[in-house]
1. Report the label-to-label distance for Trp13 and Leu62 in nanometres (one decimal), using points 7 Å from each Cα along the Cα→Cβ vector.
2. Just how many pairs of Lys in the chain have C-alpha atoms closer than 23 Å, counting pairs that are eight or more places apart or on different chains?
3. Looking only at chymotrypsin sites (Phe, Trp or Tyr not before Pro) in DSSP loops with at most 15 other Cβ atoms within 10 Å, what is the longest site-free stretch of the chain?
4. Based on the Cβ-Cβ distance of Glu75 and His32, what FRET efficiency does E = 1/(1 + (r/R0)^6) give at R0 = 35 Å, to the nearest 0.05?
5. Averaging sequence separations of C-alpha pairs under 8 Å and six or more residues apart, then dividing by the length of the chain, give the relative contact order as a whole percent.
6. Among the complete DSSP H segments of the chain, which ones combine at least 20 Å of alpha-carbon extent along their axis with a mean Kyte-Doolittle hydropathy of 1.6 or more?
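Just so it is clear, none of the values below were taken in a lab; they were calculated from the coordinates. What you are looking at is a predicted structure, and each value in this text was computed from that prediction instead of being measured. Positions of Cβ are backbone-derived with ideal geometry, glycine not excepted, and every protein chain shown enters the neighbour counts.
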Amino acid sequence: MTRYHPLLVALHWLMGICILMSLIAGKAVLEHMPNSNPDKVYALGPHLVLGIVIGVLLVVRLTIRLTTEKPPRAETGNSLLDRIGAATHWFFYILVAVMVLSGLGTAFSNGLFGIVFGEAGGPIPEGISSGVPRTVHGIASTLLAALLLLHVAAALWHQFWLKDGLFRRMWFGKRAKG
């Protein structure tokens, strides 16, 4: 195989966009809004929905990845970098799962679904930022943002320095053998 399964390709780019949007919403908007601001309730709604969508996409993506034929691993010519690259992809899955689970933990432990989607109403609890799930969510989001930047840099390095055509593997097209 020279390319990943088309569903994996679509999920890769869709998840990338969703994760980027969610990180921007969390880091650039929600993190800087006081919990007492009524607009935060409205801003949190799409963030919660996006987090759930990312979680569902992650399960689908892992299922497809584990059950379909894949191209051979990309090689850099350096065995240490090759091992780091392989581990990094699994670390992505782990971090995304931690983000989704810690986000759900934060939401459930603070009654956010009822607050955000109108069942209970009311402001966001002030103590939400100090809970364990929220702390884990914040740390994981920073790690995920850093890993995303590393991923993009590595892909660009492959494409433009090594010139190994890495982008073709994760793009749409015929899945030719060899």
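1. 2.5
2. Working: Lys27/Lys40; Lys70/Lys163; Lys70/Lys174; Lys70/Lys177; Lys163/Lys174; Lys163/Lys177.
Lysine pairs satisfying the spacing and distance rule in the chain number 6.
3. Working: sites that count: Phe117, Trp171, Phe172.
With chymotrypsin sites (Phe, Trp or Tyr not before Pro) excluded where exposed in loops, the chain gives 1-116 as its longest stretch.
4. 0.25
5. With pairs under 8 Å counted, the relative contact order is 39 percent.
6. Helix filter hits for the chain: 6-24.
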